[in-house]
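The values are calculated or read from the model by the stated rules, or taken from the named source; none is laboratory data. Since this is a predicted model, take the numbers as computed values, not measurements. Virtual Cβ from ideal backbone geometry, glycine too; neighbours counted across all protein chains shown.
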Amino acid sequence: MKSGTDHLTSLRDGRTVFISGSEADDVTAHPAFRNAVQSAASLYDFQSAPENLELMTIVSPSSGERVNRTWALPTSFDELVERRRAMEAWAGTHYGFMGRSPDHVASCLAGMLMGIDVFRSYDPARAGALQDYFRYARDNDLFLTYVIINPQADRSKGAAEQADPYLTAGIVDEDAEGLTLRGAKMLATSGIMANEVFVSCIQPLGPGDEKYAVSLALPMNTKGVKLLSRKSYEAAAPSVFDNPLASRFDENDAVIYFDDVKVPWERVFVAGDTGMMMRQFHATPAHVLQNYQCQVRLMVKLRFLMGIARRIAEVNGIIALPPVRDTLGQLAAEAALVDGMVHGMEAKGAQRGDYFLPDAHLLYSAQVLTQQLYSKMITTLRDLAGGGLIMLPSDVSDFENPEIARLIGKTQQSPVLGSEERVKFFKLAWDAIGSEFASRHTQYEMFYAGATFVTRGHSFRTYDWSLGAAMVDKVMGSYERERGIPPERFSSLPAEVVPAIC
């Protein structure tokens, strides 16, 4: 089965990645990416460890080889829970800070395959291409990312109305072999360390946008695929001691430009149908499964942040203060809310044909709430820590200077930790809640699922309003307007009003 070494080898494929004014060569060795790439590879070492094999993997029904359990299509409550436990364990290896780990887009494709009839009703040939690709991706245990958002430009206009008709990736031409794609898509989170990219659109498309209505998959080293990386927080991290998260788990984000990329038909799942863009996500279980994975990961991340919160209180000697316990109790309740909703999605799940799916409305409710909660919780943690997050030695080399180390010992004190351990902890806390890396994560958790009106719209769409409506109708049907009411019933009213009412 796939190992970390296998994954590293697969990334040395000649892909085109631009960063800091030049083209990166081998992303497994480049100082902007190498540690995060190694963290991604370690996911495969974790799943292939003998003690994790049953938890993390299944046997592929077509190849007979073991692959990650996220490729499984759950047919029962128990299978859904087994799948979640694997995702939970994987998230634990990066403390929830790799938002686009391999189980995310694999969940999206698994959901699409569960709804293959939706694709068949659209085009049997494209449905066949999707089935074949799913088998290929599963049997090779591919790390997939996706780009499903159009570049920001004039947000008041649709894709076809932009000044550059190929700002957004669209079909240039088609022939018997396939189609040609030109333009940009975002946000290729983890694209640097992924094997392939799923290209689609989750934003509404209207009349005239047909050429942007494409769903397809490509290897990252396909000719004409160009990744424009954002700033690397890993490259800016002087050491693991100073930035223990940013130095190892900066999954990176990138804009992808498709420079007249030829895509064979066997890699194309939708072409030219704007309505099918939405149906592929929402008429199949794809959108629910991919975002369920996100909530599992966030559940793990919040557990980590709760560890940071309590340790701050312990290190500063304030754990016994009633206001601090009040704050920690509120944080714990918010973290438990997410935990409970993940388990509730499973408990309230339902059979859909052959498959057992998490409850859609609890999922979307969790997204609505966590978009609000995450930044609030980060602010609370920063308030709890105070100036201790800022007044730290400049970097780990300060400990190598005897005079500076002596002064650190005098100024960095705690009732429970030595000076070096105190600095080590607060460097970790800052990287989790205050650094540029942490700020990116706050932005990510607020918007990866879409703008708040989008997630609230999903909540509105999936809530069972009929239950409450039936109760309202029942109570209104239990009484009628009373007639001929005796005047004494209105003795508290002004006398001149009573005759008019009666």
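Going by the conditions given, is residue 106 touching a strand residue (DSSP E or B) at 6+ places or on another chain (Cβ under 8 Å), free of Cβ contacts under 8 Å to residues at least 60 places away in the same chain and not assigned by TED's automatic domain parsing to the domain that holds residue 431? In short, yes. Here residue 25 meets the list (1) modelled with pLDDT of 95 or more; (2) surrounded by fewer than 18 Cβ atoms within 10 Å (Cβ to Cβ); (3) more than 21 Å from residue 139 (Cβ to Cβ) almost entirely, failing just condition (1). Would you pick out the residues in the range 62-94 that are over 15 Å from residue 142 (Cα atoms), among the basic types (Lys, Arg) and either touching a Leu at 6+ places or on another chain (Cβ under 6 Å) or free of Cβ contacts under 8 Å to residues at least 24 places away in the same chain (or both)? Correct list: 83 only. Taken together, the criteria exclude residue 236 from residues that are among the small types (Gly, Ala, Ser), in contact with a helix residue (DSSP H, G or I) (Cβ under 9 Å, 6 or more places away or on another chain) and surrounded by 21 or more Cβ atoms within 10 Å (Cβ to Cβ). Can you find a residue in the range 353-374 that is of a type outside the set (S, T, N, Q), over 23 Å from the mean Cα position of the chain (by Cα) and assigned to a loop (DSSP other than H, G, I, E, B)? Yes.
Just checking, which of 405, 333, 385 is assigned to a helix (DSSP H, G or I) and in contact (Cβ under 8 Å) with a residue 24 or more places away in the chain?
On the way: 405 fails: in contact (Cβ under 8 Å) with a residue 24 or more places away in the chain; 333 fails: in contact (Cβ under 8 Å) with a residue 24 or more places away in the chain.
When all the criteria are applied, what remains is 385.
Number of residues in the range 1-36 that are closer than 28 Å to residue 59 by Cβ and either part of a strand (DSSP E or B) or not hydroxyl-bearing (Ser, Thr, Tyr) (or both): the value is 8.
Residue-by-condition table, conditions (1) modelled with pLDDT of 95 or more; (2) closer than 21 Å to residue 283 by Cβ; (3) crowded, with 16+ Cβ neighbours inside 10 Å; (4) not assigned by TED's automatic domain parsing to the domain that holds residue 291:
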{"position": "306", "(1), (2), (3), (4)": "yes, no, yes, no"}
{"position": "316", "(1), (2), (3), (4)": "yes, no, yes, no"}
{"position": "320", "(1), (2), (3), (4)": "yes, no, no, no"}
{"position": "325", "(1), (2), (3), (4)": "yes, no, no, no"}
{"position": "331", "(1), (2), (3), (4)": "yes, no, yes, no"}
{"position": "349", "(1), (2), (3), (4)": "yes, yes, yes, no"}
{"position": "355", "(1), (2), (3), (4)": "yes, yes, yes, no"}
{"position": "363", "(1), (2), (3), (4)": "yes, yes, yes, no"}
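Can you tell me which residue in the range 2-22 is modelled with the lowest pLDDT, limited to those that are buried (at least 17 other Cβ atoms within 10 Å of the Cβ) and in contact with a helix residue (DSSP H, G or I) (Cβ under 8 Å, 6 or more places away or on another chain)?
First pass over the range 2-22, keeping only residues buried (at least 17 other Cβ atoms within 10 Å of the Cβ): 2, 4, 7-8, 10-11, 15-17, 19.
Still in the list and also in contact with a helix residue (DSSP H, G or I) (Cβ under 8 Å, 6 or more places away or on another chain): 2, 4, 7-8, 11, 17.
Details: 2: 94, 4: 97, 7: 98, 8: 98, 11: 98, 17: 98.
Checked the range 2-22; the qualifying residue modelled with the lowest pLDDT is 2.
I'd like to check something: does the range 30-38 contain any residue that is within 17 Å of residue 144 (Cβ to Cβ), assigned by TED's automatic domain parsing to the domain that holds residue 237 and either touching a Pro at 6+ places or on another chain (Cβ under 7 Å) or not β-branched (Val, Ile, Thr) (or both)? Yes, because at least one residue in the range 30-38 is within 17 Å of residue 144 (Cβ to Cβ), assigned by TED's automatic domain parsing to the domain that holds residue 237 and either touching a Pro at 6+ places or on another chain (Cβ under 7 Å) or not β-branched (Val, Ile, Thr) (or both). Do we find a residue being surrounded by fewer than 21 Cβ atoms within 10 Å (Cβ to Cβ), assigned by TED's automatic domain parsing to the domain that holds residue 44, within 23 Å of residue 457 (Cα to Cα) and touching a Gly at 6+ places or on another chain (Cβ under 8 Å) anywhere in the range 170-183? Looking through the range 170-183, none of the residues is surrounded by fewer than 21 Cβ atoms within 10 Å (Cβ to Cβ), assigned by TED's automatic domain parsing to the domain that holds residue 44, within 23 Å of residue 457 (Cα to Cα) and touching a Gly at 6+ places or on another chain (Cβ under 8 Å). Condition (residue is more than 39 Å from the chain's Cα centre (by Cα) and either surrounded by 16 or more Cβ atoms within 10 Å (Cβ to Cβ) or closer than 19 Å to residue 312 by Cα (or both)) applied to the range 411-419: is it met by at least one residue? There is at least one residue in the range 411-419 that is more than 39 Å from the chain's Cα centre (by Cα) and either surrounded by 16 or more Cβ atoms within 10 Å (Cβ to Cβ) or closer than 19 Å to residue 312 by Cα (or both). Candidates 341, 377, 345: the one that is closer than 21 Å to residue 432 by Cβ, of a type outside the set (D, E, K, R) and within 25 Å of the chain's Cα centre (by Cα) is 377. Of all the residues in the range 271-293, those that are of a type in the set (Ser, Thr, Tyr), assigned to a helix (DSSP H, G or I) and within 23 Å of residue 129 (Cβ to Cβ) number 1. When 379, 370 are checked against the criterion of being assigned by TED's automatic domain parsing to the domain that holds residue 298, modelled with pLDDT of 95 or more, among the hydroxyl-bearing types (Ser, Thr, Tyr) and loosely packed, with under 14 Cβ neighbours inside 10 Å, a single residue qualifies: 379. Taken as a whole, the structure places residue 386 among residues that are on the phi > 0 side of the Ramachandran plot and of a type outside the set (D, E, K, R). The selection criterion, being more than 25 Å from residue 20 (Cα to Cα), more than 26 Å from the chain's Cα centre (by Cα), among the small types (Gly, Ala, Ser) and outside the structural domain of residue 397 (by TED's automatic domain parsing), does not hold for residue 224.
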